[in-house]
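So the structure is just underneath, and the comments pick up after that.
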Ligand SMILES: Cc1cc2nc3c(=O)[nH]c(=O)nc-3n(C[C@H](O)[C@H](O)[C@H](O)COP(=O)(O)OP(=O)(O)OC[C@H]3O[C@@H](n4cnc5c(N)ncnc54)[C@H](O)[C@@H]3O)c2cc1C
């Protein structure tokens, strides 16, 4: 059975979902207040990693002991804004609880693996289908460490990856120098996640997917949803005053999804893990494999715009203005990691801040709402929204066509009582 669906939000999740639904014969309207792929969405400025290794939850055993440090350290990869703490506290407690034991993180990793294991393959197909093969490359992804001991200090993370069949190869110093001479001498050990892929321009990729969706009949409305209603028929009130109705509404508005659903009394715990990027737009990037140096915890991705340094987790409310000191931290790490960058005395730097829509249990929210089964959630992807988008789009289609397999159940909104 097919009918009309409105997809709210044209980030990576909404864009791929709209295309997928149109391919399956649904009549789709996609709406967003901004042009697809614009700077407004997290999908614009992320690291572009499509990593089967991104199954390690952010909340791991013992993290709670480091919270005082996160509150005090202005330069660490994870910070918590003091002023936002009262608002974030309930989310933070649930977040820490989700990673309180090995058995909990093992369960989360297994679920994320189900979502991510074939992400690269799915994106390669999607890129081909949308005529964007040049944007998705599969050269693997590199996790670089000062030495083997630093790698071994993350034993649990790599154990989870091994248990879930993530393929990786260890590189000693000689292999690292040979394959990545641009990386500074501070790194002497690395792990190559062989099947990892990356996107060279995530904003353009999203725009290209929406373009392909339009060719398949999807109607794009550049107008934000001001309200979602579910009396009589599901309806979306647009900012331009029009009200659209449909058989189903897919809510894919990233961090703003929670606010849109609140009006219906639906409360999903989701907060922003704000992240930043600095793109060094001047000069060539002298390497092709994206790197994550362990000391800076940032994804360094060669893109069409230059070397993109993306990372930082800043727990703060959505409304707070960006703290560009966080971007300077990324830049300092980059200068320490890649000596060639210091030769450019006046680099052309582009800065950006975006919101990772994060749930406390580290899993996205995908599927029908219990009280409003015609409303389908597709948000809360935190750090993995690019990688997980194609699989999410399939799960949304399954939900619309009343097929929810057992592996998809942990992602349903009913785990939050919604
Ligand atoms: C610094 C950083 C690095 C990251 N690196 C990676 C990475 O390497 N790999 C990875 O997989 N993920 C990464 N992520 C996470 C990833 O970017 C997100 O999970 C993903 O982009 C979320 O996609 P989305 O479509 O749900 O949300 P968004 O991209 O935020 O899109 C939501 C869309 O909804 C629209 N919208 C909002 N309100 C409304 C409304 N009322 N009506 C209509 N439309 C609305 C917005 O304009 C926006 O276009 C990173 C994130 C950050 C911040």
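The residues of region 1-47 that are farther than 24 Å from residue 240 by Cβ, in a loop (DSSP other than H, G, I, E, B) and near the ligand (Cβ under 9 Å from one of its atoms), listed by number, are 46, 47.
Report yes if residue 165 is buried (at least 21 other Cβ atoms within 10 Å of the Cβ), over 30 Å from residue 29 (Cβ atoms) and at pLDDT 95 or above, otherwise no.
no
Inspect all residues belonging to region 76-94 and state whether any of them is touching a residue at least 40 places away in the same chain (Cβ under 8 Å), part of a loop (DSSP other than H, G, I, E, B) and crowded, with 18+ Cβ neighbours inside 10 Å. Yes, there is a match, as at least one residue in region 76-94 is touching a residue at least 40 places away in the same chain (Cβ under 8 Å), part of a loop (DSSP other than H, G, I, E, B) and crowded, with 18+ Cβ neighbours inside 10 Å.
Whether any residue in region 57-65 is buried (at least 24 other Cβ atoms within 10 Å of the Cβ), part of a loop (DSSP other than H, G, I, E, B) and either away from the ligand (no atom under 16 Å from the Cβ) or modelled with pLDDT of 95 or more (or both) is what I want to check.
Yes, the conditions are met somewhere in region 57-65.
The single residue among 183, 160, 238, 229 that is buried (at least 16 other Cβ atoms within 10 Å of the Cβ), without any contact (Cβ under 8 Å) to a residue 60 or more places away in the chain and more than 30 Å from residue 131 (Cα to Cα) turns out to be 229. Take residue 341 and tell me if it is over 30 Å from residue 187 (Cα atoms), buried (at least 16 other Cβ atoms within 10 Å of the Cβ), away from the ligand (no atom under 13 Å from the Cβ) and touching a residue at least 24 places away in the same chain (Cβ under 8 Å). Here the answer is no, as residue 341 does not meet what is asked. Suppose we filter region 241-275 for residues that are surrounded by fewer than 16 Cβ atoms within 10 Å (Cβ to Cβ) and within 28 Å of residue 353 (Cβ to Cβ); how many remain? Looking only at that region, the number is 4.
So for region 138-148 (the condition being over 19 Å from the mean Cα position of the chain (by Cα) and buried (at least 21 other Cβ atoms within 10 Å of the Cβ)), does at least one residue qualify? Yes, there is a match, as at least one residue in region 138-148 is over 19 Å from the mean Cα position of the chain (by Cα) and buried (at least 21 other Cβ atoms within 10 Å of the Cβ). Take residue 211 and decide whether it is farther than 26 Å from residue 390 by Cα, surrounded by fewer than 24 Cβ atoms within 10 Å (Cβ to Cβ) and more than 13 Å from the ligand (Cβ to nearest atom). No: the conditions fail for residue 211.
In this structure, residue 350 does not qualify as crowded, with 20+ Cβ neighbours inside 10 Å, within 22 Å of the chain's Cα centre (by Cα) and within 30 Å of residue 286 (Cβ to Cβ). If you go through region 362-402 and keep only what is away from the ligand (no atom under 15 Å from the Cβ) and either under 26 Å from residue 273 (Cβ atoms) or in contact (Cβ under 8 Å) with a residue 24 or more places away in the chain (or both), you end up with 368, 369, 370, 371, 372, 374, 394, 397, 399, 400, 401. Inspect region 406-415 for any residue being in contact (Cβ under 8 Å) with a residue 24 or more places away in the chain, within 12 Å of the ligand (Cβ to nearest atom) and either over 20 Å from the mean Cα position of the chain (by Cα) or part of a strand (DSSP E or B) (or both) and give the result as yes or no. No, that holds for no residue. Only a single criterion out of (1) within 20 Å of the chain's Cα centre (by Cα); (2) at pLDDT 95 or above is not satisfied by residue 92, namely (2). Which of the numbered conditions does residue 316 fail, given that it passes all the others? Conditions: (1) more than 11 Å from the ligand (Cβ to nearest atom); (2) over 21 Å from residue 385 (Cα atoms); (3) surrounded by 22 or more Cβ atoms within 10 Å (Cβ to Cβ). Answer for residue 316: the failing condition is (2).
Taking the conditions (1) closer than 26 Å to residue 73 by Cβ; (2) touching a residue at least 60 places away in the same chain (Cβ under 8 Å); (3) within 14 Å of the ligand (Cβ to nearest atom); (4) buried (at least 20 other Cβ atoms within 10 Å of the Cβ) in turn, residue 330 satisfies each one other than (2). Listed here are the helices (runs of 4 or more DSSP H) enclosed by region 105-200 that have at least 2 residues being within 17 Å of residue 48 (Cα to Cα): 119-129.
The values are calculated or read from the model by the stated rules, or taken from the named source; none is laboratory data. Because the structure is a prediction, the values reported are computed rather than measured. Backbone-built Cβ (ideal geometry, glycine too); neighbour counts: all protein chains shown.
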